[in-house]
Amino acid sequence: MNPREFCKIAGRFAAQGEPAACRSAISRAYYSLFHVILEFLLSRNVPLPKKRAECHEKLYQLLYNSGSDILRTVGSELNDLRSRRNDADYRMDDKDVESPKTARAMVDRADRAIARFDDFVQDQVKIDSVVQGIKQYASIIQRLL
């Protein structure tokens, strides 16, 4: 499955305007970006934790420390969306994540981050260099654990 499809369904959820649909939109928007990045890194044999639950923070760290301003920005978006997803999934007292305006904004942020990421990874020369840096960073972090 193409994880970008999560953003499409997230947009439909946000348009429904119901609290549960808005919360689901935020969650799906985050997971769309998460899985786009995860698939890419796995396809480049970047060492990642076997347990997917451990990948959330790791993806952010890898992008943020990649040496690329674009990937650092995408990593920051991923981290911010993760925080909002946690609010939507676990904080039933947070009414902001039940707002169609908030849900739409999170879907738009995920869409823009995916587009930025997709544009970046089209340049093979850039991506080869950055992936090598990411692998080196991942290797250093893994040795420290």
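The values are calculated or read from the model by the stated rules, or taken from the named source; none is laboratory data. Since the model is a prediction, treat every value here as computed from it, not as a measurement. All Cβ positions, glycine included, derive from the backbone under ideal geometry; neighbour counts span all protein chains shown.
For this structure, a couple of remarks:
- Count of residues meeting criterion [of a type in the set (Phe, Trp, Tyr) and crowded, with 17+ Cβ neighbours inside 10 Å] in segment 84-97: 0
- Pair list, Cβ < 6 Å and 6+ apart or interchain, from segment 77-98 residues that are under 17 Å from residue 11 (Cα atoms) to residues that are of a type in the set (D, E, K, R) and modelled with pLDDT of 95 or more: 88/23; 97/23; 97/87
- Count - residues of segment 4-31 that are of a type in the set (A, V, I, L, M) and buried (at least 16 other Cβ atoms within 10 Å of the Cβ): 6
- Conditions (1) within 30 Å of residue 129 (Cα to Cα); (2) modelled with pLDDT of 95 or more; (3) acidic (Asp, Glu); number of the one not met by residue 54: (2)
- Pairs with Cβ under 8 Å, 6+ apart, first in segment 32-57 and of a type in the set (Gly, Ala, Ser), second not in a helix (DSSP H, G or I): 32/3
Residue by residue, here is whether (1) among the aromatic types (Phe, Trp, Tyr); (2) closer than 20 Å to residue 17 by Cβ; (3) exposed (fewer than 14 other Cβ atoms within 10 Å of the Cβ) holds:
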site	(1), (2), (3)
33	no, no, no
60	yes, no, no
65	no, no, no
74	no, no, no
82	no, no, no
99	no, yes, no
102	no, yes, no
110	no, yes, no
133	no, no, no
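- Long-range neighbours under 7 Å by Cβ, at least six apart or interchain, first residue closer than 15 Å to residue 6 by Cβ and among the β-branched types (Val, Ile, Thr) within segment 17-30, second modelled with pLDDT of 95 or more and not in a loop (DSSP other than H, G, I, E, B): 26/84; 26/85; 26/88; 26/97; 26/103; 26/106
- Within segment 124-139, residues that are on the phi < 0 side of the Ramachandran plot sit with their Cβ atoms under 7 Å from residues that are charged (D, E, K, R), at 6+ positions apart or across chains, in these pairs: 131/44.
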